[in-house]
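Accompanying notes for the structure given below.
Each reported figure results from applying straightforward, stated rules to the coordinates on display, with no laboratory input. Just so we're clear, the structure is a prediction, and the values are computed from it rather than from any experiment. A quick note on method: Cβ atoms are made from the backbone with ideal geometry, for glycine too, and the neighbour counts reach across all protein chains shown.
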Amino acid sequence: MWDDFVRLAVAKANYWIYIVLMCIGLWGMIVKGNLVKKIIGMNILQTAIILFYVSIASKAGATLPIITHHGPGTDSIQAVGHINPLPHVLMLTAIVVAVATLGVALALAMRIHRDYGTLEEDELLAMMREK
Amino acid sequence: MSVHYPALVVVMPVVAALIIAILAWVHPSRALPVAVAALAAAAGAAAMMLVRVLAHGPFAYHLGGWPPPVGIAYEIDHLNALVLAVMAAVALINLLAVWPQAEQRFAERTVFFYALYLLFCAGTFGILVTGDAFNLFVLLEITSISGYALIGLGRRDAALASLNYVFMGTIGASLYLLGIGYLYLVTGSLNMADMAAILPRIQDSRVVTAAFIICMTGLFMKMALFPLHGWLPNAYSQAAGPVCSLIAPLTTKTMIYVMVRIGLYVFSPQFTFGRLDLARAMVWLAVMAIVFGSLTALAQTNLRRMLCYVVVAEVGYMVGGFWLGTRTAMTGAILHIVNDAAMTLCVFLVVGTIGHQLKSDTFDTLRGAFRRMPWTMAVMVVAGLSLIGVPPTCGFFSKWYLLGGALAAGHWGLAGALVFSSLVNTLLFFRIFEIAYFEPVNTGNYGHAAPLRYAEAPPAMLAPMIAAAMGLIVLGLLTGEIVTRLIAPAIPAAIP
């Protein structure tokens, strides 16, 4: 049984890695009380999904998706010999989205720190209740 | 030109937002006309597309001339033509109504308010027209990120409320992206129509089921379905008035549209309502959302916060109607997307105006409001009656279909929740009317009533607000047309 488990874990390593990373990210966002730690957790979550996409593009024994001999009179393109470039391209967009989200989140955190002088959630909530 | 309307609806606000961001350094005062022109053009294009769909049926636009499934296609059909036309009108009316407030409130930052406003609208319109699942994610994030920034413009506590929204919104969007990744893994496509053609052949696969659940959970977070609604009340009640009356009508309703789109047009209705018995559980969750939202609204003493919980309850209406999976209930749910966008615009415009003119939005400041702001309160009465569901306002008709659908399906829980929520809404709004009409004005001056200061909003703010209130009645009177000519063709024949 242990052997089966190890074989499964190795064969599907990319999924295990992304699920573990995602759980770490969610853990950080839910449990941590410091806003910057929560932001880091958010970024780990987004990165986990980016890694998932990139990992599903790979194929055993495939090479870069660059076609050097395209055109009439040449061999047809063997898709099996090239990794799938589409997930990488999608993830370029997703990285931009993640960076923009991170930027907005950090800007908001800076404003909170300027207004309240702390980034600990419990202290912030206590201050808001006092008013 | 008319061929390019689907793209122009998205491109015009984006370009205008860039122009405004540049104008900020040169001619800040020119920003408003550019914003109004861009939104008016988008609303015009949306109306033209609605006319075209009515006359000739659905059509598609291939971005860059690349045919799907390789390229991104914007698909206009009966469903999104209707929602887009209303949402574009809502965005335009709101901008016309709130710009005087915004200029006072944000001062030199107003230019950036306009730029973010347009980006938000571009994202929303894009979500409505796109036929590509990944493109939808990108547009969703454009909307969300400009929404976070807009909410962050509010009062002091808004930054924390907005940051919490960032966390919840990002988890929601990431789950949607993950679900789309699973679908891509098994179908090899991102085009919705293409996926829909492939999925029936592999719908017993556990990957498809997982993709469905992950996608829907992400959307539930984004649409603030109970118990994932935590971000909404704080974010909306801390946001500035002009921002709130934009975001409240558009965000949750757009997400419900996406749920309908994915549930009916990417997955087949048989899969969505037949597999896993998920549909039954979802209707009960919607019942809980309605009851929870209504009861919590009853406990609020702040007008804006009360309406935030009314929004949470309204999300339950549409989710419940959708997951019942019958034709009548589905009609009600789709009709309610449109009606609720108009109603929410109306009430939040009124609350924003009251907050601006009277400098507070607690119930106490409403005393004597009918004499101080007669026109604004008249709009409030129309919007309140619509949320309660009094004919001929539009709220009555969508509730009628939802209730009829729930009764026909024999779902007493949902029917009961709908009636209960209508009763609570009656209580909520008549309490406001009573305070504003009958309660003595307390000036805090040892009982010596000071003369009431007339505090009506300027005509520039009033006119769009009154137009929005008229819109509620017009939408109500047009219900028959909307249902037979737009919603009936939009619901797949497979739905009983």
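Within straight cross-link reach of A:LYS38, meaning Cα distance under 12 Å, which aspartates and glutamates are found once same-chain residues fewer than 8 apart are removed?
The reachable aspartates and glutamates, counting only those whose Cα sits under 12 Å from A:LYS38, are A:GLU120, A:GLU121.
Can you check how the C-alpha radius of gyration of the range A:1-59 compares to 2.2 N^0.38 Å, as a plain ratio?
On the way: Rg = 14.0 Å, N = 59, 2.2 N^0.38 = 10.4 Å.
Against the empirical 2.2 N^0.38 Å value, I get 1.35 for the range A:1-59.
Return the distance in nm (one decimal) between the two label points of a simple spin-label model at B:LEU427 and A:LEU92, each offset 7 Å from Cα along Cα→Cβ.
5.7
What order, most packed first, do the peptides B:215-221, B:290-296 have when packing is the mean number of other Cβ atoms within 10 Å of each residue?
Final packing ranking: B:215-221, B:290-296.
Which order results if B:CYS394, B:CYS346, B:CYS308 are arranged by neighbouring Cβ count within 10 Å, fewest first?
B:CYS308, B:CYS394, B:CYS346
Across peptide B:128-140, what mean number of C-beta atoms from other chains lies inside 10 Å of a residue's C-beta? Each step should come with its number before you reach the end.
Working: counts 0, 0, 0, 0, 0, 0, 5, 1, 0, 4, 5, 0, 1.
Across the residues of B:128-140, the mean count of other-chain Cβ atoms within 10 Å is 1.
Please say if chain A is rounded, prolate or oblate, where rounded means a/c under 1.5 for a ≥ b ≥ c the square roots of the C-alpha gyration tensor eigenvalues, and otherwise the choice is prolate for a/b larger than b/c and oblate otherwise? All intermediate terms of the calculation are to be shown ahead of the outcome.
Numbers: a/c = 6.94, a/b = 1.95, b/c = 3.56.
Oblate.
So, counting K/R as plus one and D/E as minus one, what does the shell of residues with Cβ under 13 Å around B:ILE256 add up to?
So the surrounding residues net to +1.
Using the crude model of +1 on Lys and Arg Cβ and -1 on Asp and Glu Cβ, and no other charge, please compute the dipole size for the protein assembly as shown relative to its Cα centre, in debye to 20.
Details: 34 positive and 27 negative charges, 109 e Å.
The dipole magnitude comes to about 520 debye.
Which entries in the list A:LYS59/B:LYS253; A:LYS37/B:LYS222; B:LYS222/B:LYS399 go over 30 Å, if you measure between the two C-alpha atoms of each? All intermediate terms of the calculation are to be shown ahead of the outcome.
On the way: A:LYS59/B:LYS253 41 Å; A:LYS37/B:LYS222 22 Å; B:LYS222/B:LYS399 23 Å.
Over 30 Å Cα-Cα: A:LYS59/B:LYS253.
Under the Kirkwood approximation applied to all pairs of distinct alpha-carbon atoms, what is the hydrodynamic radius of the range B:279-496 in Å?
Numbers: mean 1/r = 0.0555 Å⁻¹.
Radius from the Kirkwood sum: 18.0 Å.
Per residue of B:360-372, what is the mean number of Cβ atoms on other protein chains within 10 angstrom of that residue's Cβ? Numbers along the way, then the final one.
Numbers: counts 0, 0, 0, 0, 0, 0, 0, 0, 0, 0, 0, 0, 0.
Rounded to a whole number, the mean comes out at 0.
Karplus couplings for the range B:367-382 from phi (6.51 cos²θ - 1.76 cosθ + 1.60, θ = phi - 60°), rounded to Hz, Gly and Pro as x?
Result, ordered by residue: 4, x, 5, 5, 7, 7, 9, x, 5, 4, 5, 4, 4, 4, 4, 4 Hz.
Determine, from the Cβ-Cβ distance of B:ARG280 and A:TRP27 and an R0 of 22 Å, the FRET efficiency 1/(1 + (r/R0)^6), rounded to the nearest 0.05. Working shown, then result.
Numbers: r = 32 Å, r/R0 = 1.44.
The value I calculate is 0.10.
Tell me the Kirkwood hydrodynamic radius of chain B in angstroms, computed as one over the mean inverse distance between distinct C-alpha pairs. Present the calculation step by step, with values, prior to reporting the outcome.
On the way: mean 1/r = 0.0441 Å⁻¹.
By the Kirkwood definition, the hydrodynamic radius is 22.7 Å.
List B:ILE151, A:ILE83 from most exposed to least, where exposure is judged by having the fewest other Cβ atoms within 10 Å. Don't skip to the end; give the middle numbers.
Numbers: B:ILE151 26, A:ILE83 16.
Placing the least packed residue first, the sequence is A:ILE83, B:ILE151.
With +1 assigned to the C-beta of every Lys and Arg and -1 to the C-beta of every Asp and Glu, and no other charges, what is the dipole magnitude of the range B:117-218 about the Cα centre in debye, to the nearest 20? Before the final figure, lay out each step's value.
On the way: 4 positive and 5 negative charges, 40 e Å.
So the magnitude is around 200 debye.
Could you derive backbone 3J(HN,Hα) for the range B:220-235 from the dihedral phi with the Karplus parameters 6.51, -1.76 and 1.60 (θ = phi - 60°), listing whole Hz in sequence and x where the residue is Gly or Pro?
4, 5, 5, 8, 6, 7, 3, x, 9, 8, x, 6, 5, x, 5, 4
In the range B:217-346, if the dipole is taken from +1 on Lys/Arg beta carbons and -1 on Asp/Glu beta carbons about the Cα centre, which of B:LEU250, B:VAL260, B:PHE226 is farthest to the positive end?
So the residue furthest toward the plus end is B:VAL260.
What do you get for Rg/Rh over the protein assembly as shown if you use C-alpha atoms and the Kirkwood form of Rh? Write down the numbers at each step before the final one.
Working: Rg = 24.8 Å, Rh = 25.4 Å.
Using Cα coordinates only, the ratio equals 0.98.
Arranged by the count of other C-beta atoms within 10 angstrom, fewest first, what order do B:GLU108, A:GLU123, B:GLU456 take? Kindly include the intermediate steps, with their values, before the conclusion.
Details: B:GLU108 9, A:GLU123 13, B:GLU456 16.
Ordered from fewest to most neighbouring Cβ atoms within 10 Å, B:GLU108, A:GLU123, B:GLU456 come out as B:GLU108, A:GLU123, B:GLU456.
Please compute the average number of Cβ atoms from other chains found within 10 Å of each residue's Cβ in peptide B:142-152. Before the final figure, lay out each step's value.
Details: counts 2, 0, 4, 6, 2, 1, 6, 5, 0, 1, 5.
For this peptide, the per-residue mean of nearby foreign Cβ atoms is 3.
Between A:LEU51, A:LEU90, A:LEU64, find the one with the highest GNM mean-square fluctuation for chain A; connect C-alpha pairs within less than 10 Å.
Per the Cα network of chain A with a 10 Å cutoff, A:LEU64 tops the list.
Where does helix B:459-477 land angle-wise versus the long Cα axis of chain B, in degrees 0 to 90, nearest 10?
Approximately 50 degrees, to the nearest 10.
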